[in-house]
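The structure under discussion appears below in the form of structure tokens.
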Amino acid sequence: MLSFTRTITYCGVELNVSYDYTPPEARGAFYPGCAEEYLATRAMAGDVDIYPLLTVNQILEIERVLGQRDEDDCWRMAA
């Protein structure tokens with residue numbers, strides 16, 4: 001699992017989202033494999049961590065946005 005931070009716009013608000021990323025694993029003869037996974041751990045709106053205020057559906061939507069890649073995405077390791 002790798003930890004990253006990425007800035008996204010969600011519902012018109014710029015969020016600095018920290019998340020854990022698990023890369024996909026190939027299926028083998030005795031292992032079913034797994035899909036990649038994005039797990040949000042913090043969502044900063046300015047200096048405020050709004051993650052505890054988000055609903056489960058909002059967190060899932062943010063994780064879905066994290067899974068979308070653009071050519072100009074800037075990926076950096078979280079400190």
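Summary table
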{"item": "Any pair with Cβ under 7 angstrom, 6 or more apart, that starts in the stretch 28-40 at a residue that is in contact (Cβ under 8 Å) with a residue 12 or more places away in the chain and among the acidic types (D, E) and ends at one that is surrounded by fewer than 14 Cβ atoms within 10 Å (Cβ to Cβ) and part of a strand (DSSP E or B)", "result": "E36/T22; E37/T22"}
{"item": "Leading residue by the ranking (modelled with the lowest pLDDT) among those in the stretch 2-56 that are in a loop (DSSP other than H, G, I, E, B), farther than 15 Å from G67 by Cβ and touching a strand residue (DSSP E or B) at 6+ places or on another chain (Cβ under 7 Å)", "result": "G33"}
{"item": "Qualifying residue in the stretch 69-76 (condition: assigned to a strand (DSSP E or B) and at pLDDT 90 or above)", "result": "no"}
{"item": "Matching residues in the stretch 7-20 - criterion: being under 8 Å from the mean Cα position of the chain (by Cα) and either touching a residue at least 24 places away in the same chain (Cβ under 8 Å) or farther than 21 Å from N57 by Cβ (or both)", "result": "V17, S18, Y19"}
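The values are calculated or read from the model by the stated rules, or taken from the named source; none is laboratory data. This structure is a prediction, so every number in the text was calculated from the model and none was measured. Please note: Cβ atoms are built from the backbone with ideal geometry, for glycine as well, and neighbour counts cover all protein chains shown.
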